[in-house]
Amino acid sequence: MSDRKGLQMEFSYVRCRVAETLPLELAPGSPAKRLRAAGNSQSFGPIPGRTKFALQIQHPPFLHNGNQNNSIHHRTTPPTFPAHTFAKLAPPTYLTAHLTSKGVPIRPSGRSPTQFRTPTCHAGSLTHAHGSAVVRCGDTAGVCGVRGEILRVEDVADYRPKMAEEEERVDTEMHSFQNVRREKREDSEEMARLGLLVPNLELATGCSPTHLPGGPPSTLAQTLSQRILTLLHTSNLLSVHDLRIWFRPPASAPICRGQEHEVMREEEEEIVKAEVKAFWVLYIDILFISLDGNPFDAACFALLAALCNTRLPHAWYDADRELVLCSDDPAESKQLHLYDMPVPLSFGVFEGDEEAKGKKWILADMDGFEEGLCRENVTIVVGEEKRVVRIEKDGGGNVGGRDMRRLVELAVQRRREWVLMLRDGPP
Amino acid sequence: MDRRRVNGPPGGTAPPCYASTLSGKTHPSPKRTRGANEIRKIFLKTGLTPSASGSAYFELETPPTNYSNSLTNRTSALKLTCTVHGPRPLPRSAPFSPQLLLSTRVKFAPFAARQRRSYIPDSGERDLAAHLETALRGVLIGERWPKSGVDIIVTVLEGEEDRPWDALAAGNQNGRTGGWGMMSILSGCITVASAAITDAGIDCVDVVIGGVAAIVRQPAAPPQLVLDPCPSDHEEVIAACVVGYLQSRDEVTETWAKGNVTASSDGKGTTPMGFNALVDQAVEAAVAARRVLVEAIRESTEAKIQSSQAKLPDKLTSV
C-alpha cells in the first residue's frame, strides 16, 4: 500500500511542477528525468497535437521497500499525459517520438521534415513609409517599413563626383560578362561605402518572452540586422543607379531615369554637365510582432515584399534654392526596381535523443520549439537561375555535400513559390 | 551614435522636401465628416502573438480621402499592438513585493510618424508609458499575485499626424496644434492594453477603456466640443482630455488634459464648456468604445472555450 501511495505522490509532484514553472528544467537525477516514453499509442497514430504518450514512472530507490514485483502492477496502467505536457517535460524525446513514428516521419506541427511554412503577406498598409509589408509565417509575424531619405553629396566626407559622361560611357560600353560583373561589384561597393541601405531589425517589441524591451538590442537582433545588411550588399538586389538624384543644367523639365538616354541624345550639341547631387538612403526597419522560430526567413520575406511595394517620389535638384525637391504627385513616383530576388531557406539538424542511435533529421523552416533542440543550422540563399548567393552554416558537421545539393534544390523550389507570391500577390 | 544598430550615413539625411509645400500651393485640409458626438470605428482583435500570455491589435478607421490626390496629404490611422508577458515570478534578486508589479512600455516604430523616429526611447514615449501605468494600476487585482511581475508593451505601428506638411516645412515645429495626436494614442493604448490583459487572463475589477474629447474651433465659428478628435481635421484644437474609465464602477482611473479650457468659453455662458464638460464628453467616448472591446473579448473567449472543449477528451482517456 505504501508503494501505491508513493506513486501517487510522485505523480502529483510532477503535475505540480509542470503547472508552476514551464518549461521544466531536466536536471540529471530529477524525477522528470526518470520518465521514459513507452512510445505513442497504437490506436491513435501520429496525429499531431493529439498524439498521446504513455509515461512510465520509475520509482526512486527509496520508495522500493523490498517488494520489487509491486511496481509491475503499476506498469500495466501507466498514467498518461497530454502531448503538450510531454513536450515540455522531455522535448528531445517528444520530437524523436514524432520523427520515428510509423509510416512517414512527421513533426509536431504536422509538417514533414522538409516542408516549410507558406507565408502570407499584406503590402502597403502603412501610410508614413514609402513601402511596407506585414507578413506572417506560421506563428512568426513581422512588419517591415521602407522609408527613403535624402543624402546630399556635400554631407559625404570624401565623395568622388561621377559625371554623366562617365555614366554614359559605362552604359554604352560593350556589355561583356566581366564588365557586367565588375560594374555590379563597383555598384555594391559604392552603396556600402555611402551607407545607402540601413536595415534594422527589432525584436524588443514583446514578440517573445525572451526578448523584452529595456536595454540594448539582443545579440540575436544584432546578428540578424548584420546578416540582412550583408545579404543586401552581396545579392545585387538594388542598384546605386536607381538611388542617385541628378542635376542637369537645363533643369526646366525634370528628367526621369527611364527617359534619360533619349534626352541625352537630343541634347548632344550642348555640353551637358549633369552631376549627382544627392542619393536616396533607404531606411529598412523590420519589427517582429510575434516570434515562433526562423526570424531570418520571415525578415527576408518582409523585406522583399516591402521593397516590391516601395515607390520613391520623383526627386530633382533645384539650383535656385540649392535644395533637393520632390514631387508630391503619386503618378510621378517610381517603383523601386529589384534586380534579383534572393530567397533564403533555413534548416536545422536534429540529432535525436539518446535512443535515436545516431540518426539525424534535417528540419526545414523550424518553429520555436524545434529551434531550441537543434545545434547545427544551415541557411541557403538562392537567386535567379539557381544561383547560390550565400550559404551560412554553423554548429556541427552533419550536413555533407550530398545533403547540401538536396537543400539547394528545396530552396530553389521555395524561391519559385515566393516569387509568384511577391510578383502576383496572394493566390 | 548607437553602435549596436546599423546606422545611416554619418553626414545625416533629410526627409524628402516636397515642392508643393514650398510654393504655397496648399491642398485643402481634410474636414471632419462625422458628427460631434460620434467616434471613429475601432478594429480590435486579441491573440495576435501566441508566444505572449496575452496580446491585442487595435486600429482606428482610416478617414475617407475626399480631397486631392497627393503624397503629402495621405491620411493615417492609429495602429497599435500590445503584448502582455506574465504574471511571472520576479527574479531572485528582486525585493519582496506583496502584489503584482506592473511595468508598461510604449514604443513608436521608426516608421510610425512622418519624421523617422529613433530606436532610443524619448521623453514622449516615457510619458505615455507613465500615463498608461496609472490607468491600469488600479484595475488589476494585484494582491492575487504576490512576488510576481507583469510586462505590458505597446508598439505604435502608425500614429496620427497633427501638423500639415507646410507647417512642417516652414519650420513651425511647435505649431498651433502641437502634440494633440498623443491624446488619441494614449486612449488607444489604454483600450488595447485592457484587451490584452483580458486575453492573458489577469484578474481585473473591470475592463478599463480610453476616451478622448476636445474643444475645437473652426475659423469664424464658436468653439465646439467633439468626441474622439482627429487633430488633422480641425483648424484649431483649444483643449483636449483623455480618461481611463471603468463603466461598471463609474470610476475614472486616469485623466490627462491639455490646453486652455477657460479660453473656450464663449462669454455668454450659453454652452457650458468647462473642464467638467470636457471630462464628461471623454467618458462618453469611452462608453462608446467599450462595446467594441466587450465584443472582441467575447469572440476570443468563445474561441478559447471551443478549442478547450475539443482538447478535453485527450486529457481524460488513459492508454
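Set the Förster distance to 35 Å, then compute FRET efficiency between A:GLN178 and B:ASN7 from the Cβ-Cβ distance, nearest 0.05.
Working: r = 34 Å, r/R0 = 0.98.
So, using R0 = 35 Å, E works out to roughly 0.55.
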Report summary line: Here, trypsin sites (Lys or Arg not before Pro) of the stretch A:73-151 satisfying both criteria (DSSP loop; at most 12 other Cβ within 10 Å) are A:LYS102
Query raised in the report: Going down the list B:LYS31/B:LYS107; A:LYS359/A:LYS393; A:LYS102/A:LYS359; B:LYS45/B:LYS147, which pairs span over 27 Å between their C-alpha atoms?
Result: B:LYS31/B:LYS107; B:LYS45/B:LYS147
Report summary line: Simple spin-label estimate for A:HIS122/B:GLU235, 7 Å along Cα→Cβ, in nm, reads 3.7 nm
**Report entry** FRET efficiency estimate (nearest 0.05) - Cβ-Cβ, B:ARG217 to B:GLN309, R0 41 angstrom
**Finding:** 0.15
Query - 5 angstrom amide H check on B:TYR18, placed H, neighbours 5+ away - result: A:CYS326
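Using a cut-off of 11 Å between beta-carbons, work out the net charge of the residues near A:SER109 (Lys and Arg +1, Asp and Glu -1, A:SER109 not included).
Values: positive: A:ARG107, A:ARG111, A:ARG117; negative: A:ASP139, A:ASP292, A:ASP365, A:ASP367, A:GLU370.
For residues surrounding A:SER109, the net value is -2.
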Report task. Calculate one ³J(HN,Hα) per residue across the stretch A:350-355 by plugging θ = phi - 60° into the Karplus curve 6.51 cos²θ - 1.76 cosθ + 1.60, and present them in order as whole Hz with x for glycine and proline. Result -> 9, 9, x, 8, 5, 8
Query - Placed amide H near A:ASP353: partners under 5 Å, 5+ positions off or other chain - result: A:THR96
**Report entry** Calculated FRET value between B:ARG298 and A:LYS273, using beta carbons and R₀ = 51 Å, to 0.05
**Finding:** 0.15
Requested in this report: For B:GLN99, list long-range residues whose amide hydrogen, built 1.01 Å from N in the peptide plane, is under 5 Å from its own amide hydrogen.
Outcome: B:LYS147
Query raised in the report: HN-Hα J couplings of the stretch A:366-375 from phi, Karplus 6.51/-1.76/1.60, θ = phi - 60°, integer Hz, Gly and Pro as x?
Result: 5, 8, x, 5, 6, 4, x, 10, 9, 9
Report task. Please turn the phi angles of the stretch B:112-121 into ³J(HN,Hα) values with the Karplus equation 6.51 cos²θ - 1.76 cosθ + 1.60 (θ = phi - 60°), one per residue in order, whole Hz, x for glycine and proline. Result -> 7, 10, 5, 7, 5, 9, 7, 7, 7, x
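Values quoted throughout were computed directly from the atomic coordinates according to the rules given, and no laboratory measurement underlies them. Treat the numbers as computed from the prediction; the structure is a model and nothing was measured. No Cβ is skipped: glycine too gets one built from the backbone with ideal geometry, and neighbour counts run over all protein chains shown.
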